[in-house]
Amino acid sequence: MQFNKKKAFRFIKVFIILYGGIGLIIYFFQDNFLFHPKKIAKDYVYTFSTPFKEINIQYDSSTLFNTIQFLPKDTQAVKGVVLYFHGNRENINRYAPYVANFTKNGYEVWITDYPTFGKSTGTLSEKVLETQALEIYKIAETKFKDSSIILYGKSLGTGLAAYVASRKNCKQLILETPYSSITSLMKRYCFIYPIEKMIRYKLPVIEYIKKATAPIIIFQASEDWVIPNSNTEMLKVNLKATDKFVNIEGASHNTINNYPQYHKTLDSLLQ
């Protein structure tokens with residue numbers, strides 16, 4: 001078969017255009033891929049079955065961190081607080097049903113919405129997310145000892161929980177469906193691109209847990225299609241001998257809460 005230079009050149013040209021175009025989409029619209037917030041009006045009135053307090057943390061003139069503090073029914077026997085860093089979808093309303101896992105065991109649960117989520121305002125960036133996580137911790141330590149503060153991260157929030165644990169002391173670091181890093185996760189889907197240079201969000205959980213002194217418990221969903229098991233299992237190399245890695249058989253990314261094994265393990269940690 002005779003080599004057709006014209007067709008080959010056309011193919012290369014189309015490939016370069018597509019490669020460059022998709023690369024630009026990844027770079028400029030990465031926030032749209034990573035975050036799926038649901039904004040609510042500032043005068044929206046929360047209604048939860050669990051007792052709660054709403055607080056607003058004004059970080060700067062344009063950045064406000066809206067936070068709900070869920071309270072156990074017996075406020076006289078509070079064991080501590082769980083700082084719950086939620087996933088990348090919607091707002092506090094989506095994650096409120098999970099607080100009973102902790103309040104029934106005597107813990108307050110504080111959930112904060114990231115900028116552009118719920119009532120929170122400001123611009124999203126890795127630095128702002130990390131700052132927000134530390135600000136919540138600083139408020140918690142005015143009321144609770146380090147030994148009474150549990151850091152809990154779900155999906156996206158595992159990067160923030162692990163970040164705080166790398167900087168502060170706490171009772172436990174619990175990670176539900178964590179990733180090794182945003183970079184490694186994105187490389188799986190965009191392997192032909194220099195993702196390290198393109199992605200503004202790194203959140204290297206694998207590096208953070210090296211510096212975490214608290215006990216670490218990881219919950220992995222065996223059927224996770226969002227964060228592949230192979231990515232989560234990269235974290236094992238930096239776990240301490242006393243840390244736990246729990247695989248919830250049959251669970252998908254968002255259904256771990258449906259499995260008795262998860263509740264049995266979590267209750268044993270909290271009790």
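Every number here is computed from the coordinates shown, using simple stated rules; none is lab data. This one's a predicted model, so the numbers in the text were calculated from it and none came from an experiment.
For the chain, list log₁₀ I(q)/I(0) at each q in 0.11, 0.14, 0.15 Å⁻¹, using the Debye formula over Cα point scatterers of equal strength and ignoring solvent, two decimals each.
Cα-only, vacuum Debye calculation for the chain: -0.63, -0.98, -1.12.
Translational diffusion coefficient of segment 125-253 at 4 °C, 1.567 mPa s, Stokes-Einstein with Kirkwood Rh over Cα pairs, in µm²/s as a whole number. Each step should come with its number before you reach the end.
Numbers: Rh = 15.0 Å.
For these conditions, the coefficient is 87 µm²/s.
Return the inverse of the average 1/r over all pairs of distinct C-alpha atoms in segment 81-165, which is the Kirkwood hydrodynamic radius, in Å to one decimal.
Kirkwood hydrodynamic radius for segment 81-165: 13.0 Å.
From the phi angles alone, apply the Karplus equation (6.51, -1.76, 1.60; θ = phi - 60°) to segment 134-141 and give each ³J(HN,Hα) in whole Hz, x where the residue is Gly or Pro.
5, 5, 5, 5, 4, 5, 4, 6
Amide H of CYS170 versus every other amide H placed in the peptide plane: which residues, excluding those fewer than 5 positions away on the same chain, fall under 5 Å?
For CYS170, whose amide H was placed from the backbone, the distant partners under 5 Å are ALA214.
Let me check against my output: what whole-number percent is the relative contact order of the chain, with C-alpha pairs under 8 Å and at least 6 apart?
Values: 492 pairs, mean separation 39.1, N = 271.
In percent, rounded to a whole number, it is 14.
HN-Hα J couplings of segment 172-184 from phi, Karplus 6.51/-1.76/1.60, θ = phi - 60°, integer Hz, Gly and Pro as x?
So the Karplus estimates, Gly and Pro as x, are 8, 10, 10, 10, 9, 6, x, 10, 5, 6, 4, 4, 5 Hz.
Could you list which residues have their amide H under 5 Å from that of HIS253, counting only those 5 or more apart in sequence or on another chain, with H placed in the peptide plane?
TRP225, VAL226
Taking H as built 1.01 Å from N, whose amide H comes closer than 5 Å to the amide H of ILE40, not counting residues under 5 places away?
Amide H to amide H, under 5 Å and 5 or more residues apart or across chains, ILE40 pairs with GLY118, LYS119.
Run the helix sum for the chain: -39,500 (n - 2.57) per DSSP H stretch of 4+ residues, divided by residue count, reported at 222 nm to the nearest 500 deg cm²/dmol.
After summing the helix terms and dividing by the residues of the chain, the value is -10000 deg cm²/dmol.
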